[in-house]
Each structure stands twice: as C-alpha cells, then as structure tokens.
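Data block below; observations after.
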Amino acid sequence: MRTVLRELTAAARSATVSRNIVRAASTSSGSSTTPASPDAGSQQSTGRTTHFGFRTIPEEEKETLVGSVFSSVASKYDVMNDTMSLGIHRLWKDDFVSSLLPRLPASRHTHPNAASLSAPNPTFKCLDVAGGTGDIALRILDRAREKFGSRDIEVEIVDLNPEMLDEGRKRVAKTLYYNTPQIAFTHGNAQSLPAHIEDNSIDLYTIAFGIRNCTSLPAVLSEAYRVLKPGGKIGVLEFGKVSNPLFREVYRQWSFQFIPIMGKVLAGDSESYQYLVESIERFPSQPEFAQLVRDAGFQTGQMREGKGGAWTDYTGGIATAWTGVKA
Ligand code: SAM
C-alpha cells in the first residue's frame, strides 16, 4: 500500500511540474499585461539553478513558476488555508503578531491627554512582505487598535502576485481600514523591494509563509535589513521541521497525500498544492534558517527554540517564527 501511494505521489509530482512549466511558459509568452514579477522581462539566464518544489530549475524561471502557483490559488487561498491547517494557521498568526507588537506608544488619536502631548508620535511603519491576502497586515492593525488603542500605525503589503493583492484589497474593503492611510498594497519583489521603500525607514518587517517561495533567502533577508531602521524588528513565519519523529511521519503523510487532494476538491488544482508541500520539505531547518538571519546582520536570541532563543515553534514545529533585530 505504501509503495503504491509513493508511486502515485511521484507520478503526480512529475505531472505537476510539467503542467506548471507549460502554464508558466504561456504566461511569459506575452499574452498577460501584468508581468508575474516586477523584474520579469529583464531576466537573463544566469546559468545558476534553484529548486521549485523537488525539481531543480534555472534560477530565472522560479518567480514565473511561483507566480503561476499563486495566480491559480488566489481566489481560494483563504479557504484552503483553513482547511489544510484545520484553522490552526490563525492561532500561529495571532501569536506571531502579538509577539512582534508587545507594546506601542500611546496613540495621538486616542490618548486621553492627547492635547497635552508635546509632539505627535511618529507613525509606526510596518512592511508585510509576501503579504498576500492581508492576513498578517490586518492582524497588525487590529492588534494595535484593540490592545493599544493606536491607529498611528501603517502597514504596506508588498507581494509579487497581482491576483493575491486583489484578493487582499477585496478583504480590506470590508474593514474599517479601507481607504485609510493605514494600509497600502504594492506589487513588488521581496528580493528587490520597490524603490520608494527607503533604507532605514521601517519599524517592523514581517514575512509569513512567503520566504520559502523566494529564489534567494539571503537576498530577501538582506533587503529586510536594509529597509529596517536601526532597532527595527524582523519576524519570519514559515513552515518548520517537526521534531518528534512519529508526528513528523504523520504530518508528512497528511501533507503529501491529503493536501493535493484537498487542493483538487476545493480549488480544482492539485498541482499548485503539490508544489506547496514540496516547498515546505525543501525549506531549511530551524537552526539553519536562524543562521541565515544572523548572517544577514540581525541580532537574534540564542541558537535554540523558545524563550530567549532565535525561534519559536508552533504545533511541534509545523510552523516556526524567527525574529531578529537590526543592530
Ligand atoms: N503572508 C500571507 C499569509 O500568511 O497568508 C500569504 C502567504 S502565501 C503562502 C505566499 C505569498 O508569497 C504569495 O502571495 C506570493 O505571491 C508571495 N510571493 C512569492 N514570492 C514572492 C517574492 N519573491 N516577493 C514577494 N512576494 C512573493
């Protein structure tokens, strides 16, 4: 039975990649008016390779392929997230955001002695990269408002995929942040942030379930370091490695057997979800990624999990939050 399942998975995997490549090739053939990547068109072959799920591909193809995955899943992204994680991703994201915003200065809008505050607080600037449909950005704004009564905080969402941004805009249109300067959407690449985001200008940089899709993790981290103010914080939420061997095997079976099938049933697309589970497998372990955060120049906790450590595991390491501070 296990062998049959393994063979089915392998067959689905090779079908996946060829279909995605065909789809990506037709996207880049010129029929689309919006490039999958802000850099698309200027990319030349570097001769270097990277991975796309379990496949090794030329580096310059990855963004187009990732773009095709998220274009395909965008309209069902939120529903699929809830189904695949049984809703638990919400708890991970809640904790991630509250750990990054332990406090905020009193708001000039809501402080009882606002009139006597000599100088208004500068706006707290957040950048949510690979922000997709706005899950993290909206949590940041809600947390600031509900816990600290602050609306002197702005989040700019940067994402490579126009369809994901459109879904995010629709969501924000139903909130009280709609048409306020508190939230903005920008089409852009984590590896080379849009030019208007200046050096040393950001208080909090977040990237949730996005960095594993990027071609170069060091390039993303180095951009984050560049735009953060000294003392500014980075928070990366991503799938980690499950530490318990038995739980790891159960989780692996769930991911590879169940998630692509759910993708097919709910979103009519098993291939993109096959890529998502493969990309999770390929992502570095918790200490390996913590080292990359340090290599980018950030100060982190000690090289271990938990309080005082460089990362925090959720649900046995299915998801992990890494944090660092720009010195
Ligand atoms: N952060 C959201 C969340 O937690 O629900 C969305 C995560 S979704 C799994 C990954 C997002 O990363 C997609 O919206 C995709 O378009 C975006 N993405 C992938 N590569 C990117 C890149 N190089 N730069 C910016 N965004 C990227």
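The values are calculated or read from the model by the stated rules, or taken from the named source; none is laboratory data. From a predicted model like this one, the values you see are computed outputs, not experimental measurements. Please note: Cβ atoms are built from the backbone with ideal geometry, for glycine as well, and neighbour counts cover all protein chains shown.
Summary table
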read-out	value
Residues of the stretch 170-204 that turn out to be touching a residue at least 12 places away in the same chain (Cβ under 8 Å), over 20 Å from the mean Cα position of the chain (by Cα) and under 24 Å from L217 (Cα atoms), as a count	4
Selection from the stretch 126-144 of residues that are acidic (D, E) and more than 12 Å from A208 (Cβ to Cβ)	D142
Residue under evaluation W311, criteria (1) surrounded by fewer than 18 Cβ atoms within 10 Å (Cβ to Cβ); (2) away from the ligand (no atom under 16 Å from the Cβ); (3) closer than 22 Å to A137 by Cα, criterion not met	(1)
Any hit, the stretch 263-278, residues being assigned to a helix (DSSP H, G or I), closer than 16 Å to A208 by Cα and of a type outside the set (S, T, Y)	yes
Filter pass, A144 being buried (at least 17 other Cβ atoms within 10 Å of the Cβ) and more than 11 Å from the ligand (Cβ to nearest atom)	yes
The stretch 178-190 - residue that is buried (at least 22 other Cβ atoms within 10 Å of the Cβ) and outside any strand (DSSP E or B) and, of those, nearest to the ligand (Cβ to nearest atom)	A190
Hits in the stretch 205-262 - residues which are assigned to a loop (DSSP other than H, G, I, E, B), of a type outside the set (A, V, I, L, M, F, W, C), surrounded by 17 or more Cβ atoms within 10 Å (Cβ to Cβ) and more than 16 Å from the ligand (Cβ to nearest atom)	K241
Unmet criterion (only one of (1) part of a helix (DSSP H, G or I); (2) modelled with pLDDT of 85 or more) for H51	(1)
Among the candidates I280, I261, residue that is free of Cβ contacts under 8 Å to residues at least 40 places away in the same chain, among the β-branched types (V, I, T) and within 28 Å of M80 (Cα to Cα)	I261
Within the stretch 128-158, tally of residues that are in contact (Cβ under 8 Å) with a residue 40 or more places away in the chain and either among the small types (G, A, S) or within 20 Å of S71 (Cα to Cα) (or both)	13
Total residues in the stretch 63-103, condition within 10 Å of the ligand (Cβ to nearest atom) and outside any helix (DSSP H, G or I)	0
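Matching residues to (1) part of a helix (DSSP H, G or I); (2) farther than 24 Å from K229 by Cα:
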{"position": "P284", "(1), (2)": "no, yes"}
{"position": "E288", "(1), (2)": "yes, yes"}
{"position": "Q291", "(1), (2)": "yes, no"}
{"position": "R294", "(1), (2)": "yes, no"}
{"position": "R304", "(1), (2)": "no, yes"}
{"position": "G316", "(1), (2)": "yes, yes"}
{"position": "T323", "(1), (2)": "no, no"}
